[in-house]
Every structure is written in structure tokens, then in C-alpha cells.
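Visitor: First, the structure itself, so that you have it in front of you.
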Amino acid sequence: MRILIVEDEHKIAEALRKGLTQERYAIDLAYTGTDGYDLATSEEYDLIILDLMLPGMDGVEVCQRLRKENIHTPIIMLTAKNQLQDKVRGLDSGADDYLPKPFAFEELLARIRALLRRPASEVGVKLVYQDWAMNTSTFEVKQNNQTVKLSSKEYSLLEYLLRHKAQVLSKEQIIAHVWNYDSDILPNTVEVYIKKLRTKGVPIKTMRGFGYKLEGEHV
């Protein structure tokens with residue numbers, strides 16, 4: 001899953017990037033509201049972490065503009081301000097959640113998981129497809145109750161497929177949600193990782209000219 005962090009304090013931004021990367025999210029950074037808005041309107045993200053006080057364009061304005069553009073990516077707004085009116089202002093601008101600084105990283109992770117679950121039909125943090133099961137909290141993947149070891153990128157790709165198990169996903173969609181903006185992606189990168197998952201038993205079907213989807217009936 002791909003997350004955009006818009007935070008002007010570089011130490012905080014880098015700490016979040018490092019922590020979320022270790023949690024197997026693909027991360028892009030922007031240090032101004034203007035840059036964050038440009039990325040959010042030109043790239044596809046599963047979630048945006050948006051600071052309230054930003055140079056160029058503050059978080060409220062970024063959020064309002066995104067919603068006017070019909071971009072409904074979940075947004076968690078961060079701020080050093082903890083006044084009720086600031087929280088109300090952030091939520092009224094279109095943010096989905098609000099987290100005052102300082103905060104525990106574990107709480108941010110929990111809020112991210114909650115927002116990413118909202119449009120999906122899975123229960124809790126478990127993604128299920130046929131005899132496959134993924135726990136997005138522990139990163140455990142099982143087939144027929146047997147643990148399957150995956151690399152970080154294999155895990156991210158499988159998670160994206162499981163979250164969209166009824167859809168045909170193009171290479172462009174997969175790259176946009178599984179890899180960072182500045183990743184060095186070769187033309188056959190997606191095919192390489194699709195093949196790796198297939199060798200481990202994941203039933204992925206190629207829809208020629210369209211992309212990939214999980215085979216068979218989903219449950």
C-alpha cells in the first residue's frame with residue numbers, strides 16, 4: 001500500500017518514512033503543502049498523512065482542494081495544535097482522522113490500518129481469499145494454515161491483490177500502489193514479482209491486454 005507523507009519537519013518526515021517502510025508501506029515524501037498537493041493530484045495513494053502547518057499551502061487548504069477535485073483518498077491530519085477548534089477545522093476540511101503531536105507511532109499505525117480497512121469487506125486485519133489468509137497486523141501469510149514466507153515487495157503485491165480481489169489490476173495500478181514514486185521500475189518488474197507469487201502458489205491470472213486478477217471465486 002502506498003502512502004504520501006506531507007510534513008515540513010524533515011526529522012519527523014524521515015522518522016515516519018523509516019518506520020512505515022519497515023511496516024512494508026511504500027512511502028513518498030513532500031515537505032510543502034504545494035508539493036504535497038501536486039503529488040496527491042498526479043499520483044495514486046491509498047492514504048495521505050498531512051501536517052496542518054505547512055509552507056506554501058497549509059493542510060486545511062490542501063485537504064479542501066483535494067476534496068473539491070473529487071480525490072477521496074483517506075487523510076490523517078497531524079498537528080502540534082491540540083485545540084478543539086483546530087481539530088474541528090481539520091475534520092471539516094475533509095480529513096478522515098486527526099492526530100495531535102506528539103503521538104505514539106503504534107497509534108498512528110492503528111489509525112492507518114483502520115482507514116485502509118474502511119472500504120474493504122474483510123473483518124479486522126485479516127484478508128482472506130480461498131485457502132490464503134493474510135494478517136496485516138502481524139504480516140503473517142498462510143496457505144491452508146501453513147505459513148508462507150514472502151519478501152517485503154512480494155507481501156505488498158499480494159496485499160494489494162487481496163484488497164482488490166474482484167478487480168482486474170493493470171501494471172500501472174500495481175506500480176502506483178506497490179512501489180515508491182522514485183523507484184527504478186523496469187518494464188518487466190511487475191511480471192517478475194507476479195511470477196514469484198505464482199511459484200509460491202498464489203493463483204494469479206493474466207488478463208491479456210488488461211492486467212492481472214486473482215483466479216477463481218473469491219470468498
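No value in this document is a laboratory result; all are computed from the given coordinates. Bear in mind that the values here come from a model prediction, so they are computed numbers and not experimental data. Heads up, the Cβs are rebuilt from the backbone with ideal geometry, glycines too, and the neighbour counts pull from every protein chain shown.
Visitor: Local charge sum around E140 (other residues, Cβ-Cβ under 13 Å, Lys/Arg +1, Asp/Glu -1)?
Guide: Neighbourhood net charge equals +3.
Visitor: Once amide H atoms are placed 1.01 Å from N in the peptide plane, what residues at a sequence separation of 5 or more from Q130, or on another chain, have their amide H within under 5 Å of its amide H?
Guide: V219
Visitor: Dipole of the chain, Cα-centred, from +1 at each Lys and Arg C-beta and -1 at each Asp and Glu C-beta, to the nearest 20 debye?
Guide: The calculated dipole for the chain is roughly 940 debye.
Visitor: Further, regarding this structure: Kirkwood hydrodynamic radius, region 2-117, all distinct C-alpha pairs: what's the number in Å?
Guide: Here the Kirkwood hydrodynamic radius works out to 13.8 Å.
Visitor: For the chain, which longest stretch is free of loop sites, where a loop site is one of the GluC sites (Glu not before Pro) that DSSP puts outside H, G, I, E and B and that has at most 12 other Cβ atoms within 10 Å?
Guide: 70-216
Visitor: For region 144-219 and region 23-80, compute the distance between their C-alpha centroids and round to whole Å.
Guide: If we compute the Cα centre of each part, the gap is 26 Å.
Visitor: I've got another one for you. Just to be sure I understand: of the beta bridges DSSP finds with both ends in the chain, what percent are antiparallel, rounded to 5?
Guide: Just about 45 percent of them are antiparallel.
Visitor: Are any of the pairs K126/K213; K142/K195; K153/K200; K11/K171 more than 24 Å apart by Cα-Cα distance, and if so, which?
Guide: Over 24 Å Cα-Cα: K11/K171.
Visitor: Work from the charge dipole of the chain (Cβ charges, +1 for Lys and Arg, -1 for Asp and Glu, about the Cα centre) and give the residue of V6, G36, A26 farthest towards its positive end.
Guide: Farthest towards the positive pole: A26.
Visitor: For region 152-194, would you read off the P(r) tail past 12 Å as a percentage of all alpha carbon pairs?
Guide: Within region 152-194, distances greater than 12 Å cover 58 percent of Cα pairs.
Visitor: List the aspartates and glutamates whose Cα lies under 16 Å from the Cα of K68, skipping any in the same chain that are fewer than 8 positions away.
Guide: Filter leaves D38, D58, D92, D96.
Visitor: Quick one: among T73, T147, T32, which has the greatest mean-square fluctuation in a GNM of the chain with alpha-carbon springs under 10 angstrom?
Guide: Comparing T73, T147, T32 in a Gaussian network model of the chain, the most mobile one is T147.
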